[in-house]
1. Taking only pairs that are 8 or more places apart or on different chains, how many Lys pairs in the stretch 5-176 have Cα atoms under 23 angstrom apart?
2. Carbon and sulfur: what percent of the stretch 5-176's accessible surface (1.4 Å probe)?
3. Taking θ as phi - 60°, what are the ³J(HN,Hα) couplings along the stretch 186-203 by the Karplus curve (6.51, -1.76, 1.60), each to the nearest whole Hz, with x for Gly and Pro?
4. Take every Cα pair under 8 Å in the stretch 180-326 that's 6+ residues apart, average their separations, divide by the length, and report that relative contact order as a whole percent.
5. For the stretch 195-331, what is the percent of antiparallel DSSP beta bridges, rounded to the nearest 5?
6. Find out how many positive minus negative residues lie around Pro172, taking Lys and Arg as positive, Asp and Glu as negative, among other residues whose Cβ is under 12 Å from that of Pro172.
7. Long-range amide H contacts for Asn286: which residues qualify at under 5 Å (H placed 1.01 Å from N, peptide plane, sequence gap of 5 or more or a different chain)?
8. How big is D for the stretch 256-331, in µm² s⁻¹ as a whole number, if Stokes-Einstein is applied with the Kirkwood radius of its Cα pairs at 20 °C and 1.002 mPa s?
Amino acid sequence: MTKISAAITGVGGFLPEYVLSNKELEKMVDTTDEWIHSRTGISERRILKGQGQGTSVMCIEAVKNLLAKKNLDPLDIDMIIVGTVTPDHVFPSTSNIVCDKVGAKNAWGFDLSAACSGFLFALATGAQFIESGKYKKVIVVGGDKMSSIVDYTDRSTCIIFGDGAGAVLLEPNNEGMGIQDFILRTDGSGIKHLFMKAGGSAYPPTHETIDSKEHYVYQEGQAVFKHAVKGMADVSAELLEKNHLTGKDIQWLVAHQANKRIIDATRDRIQLEPEKVLMNIERYGNTTAGTIPLLLWDYEKKLKKGDNIVIAAFGGGFTWGSIYLKWGYNS
Ligand code: UT7
């Protein structure tokens, strides 16, 4: 019997209209366009404005875009998994809201919290439902409204993050396309370097937690940087070695867009030419779970059926990992 693999067969995306430029940030905090660009590679990011506009708004648009491109009936969707750390609510899940609003009445789903590795972990999870033969159409979404948890008086974090969402469709494939292998890791001791202290069950919201700004991203940038460089590069190299591949066999590196310097280090480690690295950090910043599907969305036309792709991410918690896949279609 031919093995069923889970192939990406479509991509959708959504970015809010409002552009927050480095120049505008210069007016908000003590920073410069030159510092931001040289230290991170970012020029601008998108921000979702408006009362009551949560992450689901962007995920819904990304899924609608995907459904329209694929000319799909939402009733045929089996499952929608949303990778996010900025859900609309503590409960219900953002996935519930997305399923409802896109008309996926036969689908179920859940949110997956793994910070910047959220899409990566969700993609590996969604693939299991296809590979097992249980489902035929699984949508995996990565989206975050980072502007809802960023302190716009803290120059070390507010310059990095942006809002956005992307979505992919996973379908069964019997030609060997799709997800080939993955390595996923977590290290909970990393919590101290990057987390949001309050708002969960350990520190529910109080006047004090708000006054002490504990509902915002706390990040020790240098510590995270060091762990990210090592984590993302190590796991990508390990995955290639496990699959008897070298950089020469890889057409594209799709790496989480946190900092251009972290991506360059991963590329160096697996010895890839710069033109094989998909980049959009300059325009969108770090959209957390959104970066990887947004890269696939932006570069869809360049990706060819059978291309070997390495996806890699590192995020808060710590969470990190790498997926090796063969692209499923020509667009
Ligand atoms: O996606 C999830 C995982 N997150 C990441 O991967 C982020 C990893 N970390 C980073 O990308 C970098 O650490 C940052 C971009 C956050 C910071 O860059 P850095 O090169 O590590 O800067 P730093 O924190 O070492 O700070 C260097 C200097 C400091 O000044 P002094 O102490 O040398 O005088 C900072 O106060 O730069 C200062 N600084 C800034 N200056 C202008 C920090 N932020 C800014 C700023 N503008 N926005």
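1. Close lysine pairs under the 23 Å cut-off: 27.
2. Values: 3400 of 6840 Å².
C and S fraction of accessible area: 50 percent.
3. Here the 3J(HN,Hα) series is 9, 8, x, 6, x, 3, 4, 8, 7, 6, 10, 5, 10, x, x, 6, 6, 9 Hz.
4. Numbers: 230 pairs, mean separation 53.8, N = 147.
Relative contact order comes out at 37 percent.
5. Numbers: 9 of 14 bridges.
Roughly 65 percent of the DSSP beta bridges within the stretch 195-331 come out antiparallel.
6. On the way: positive: Lys3, Lys134, Lys136, Lys137; negative: Asp78, Glu131, Glu171, Glu175.
Overall, the nearby charge balance is 0.
7. Under 5 Å from the amide H of Asn286 lie the amide H atoms of Phe161, Gly162, each far enough along the sequence or on another chain.
8. On the way: Rh = 13.1 Å.
The calculation lands on 163 µm²/s.
The values are calculated or read from the model by the stated rules, or taken from the named source; none is laboratory data. Just so you know, these numbers come straight off a predicted model, no measurement behind them. So basically every Cβ, Gly included, is an ideal-geometry build from the backbone, and we count neighbours across all protein chains shown. Note: areas computed on protein heavy atoms with side chains; ligands, DNA, RNA excluded. Shrake-Rupley method; radii C 1.70, N 1.55, O 1.52, S 1.80 Å.
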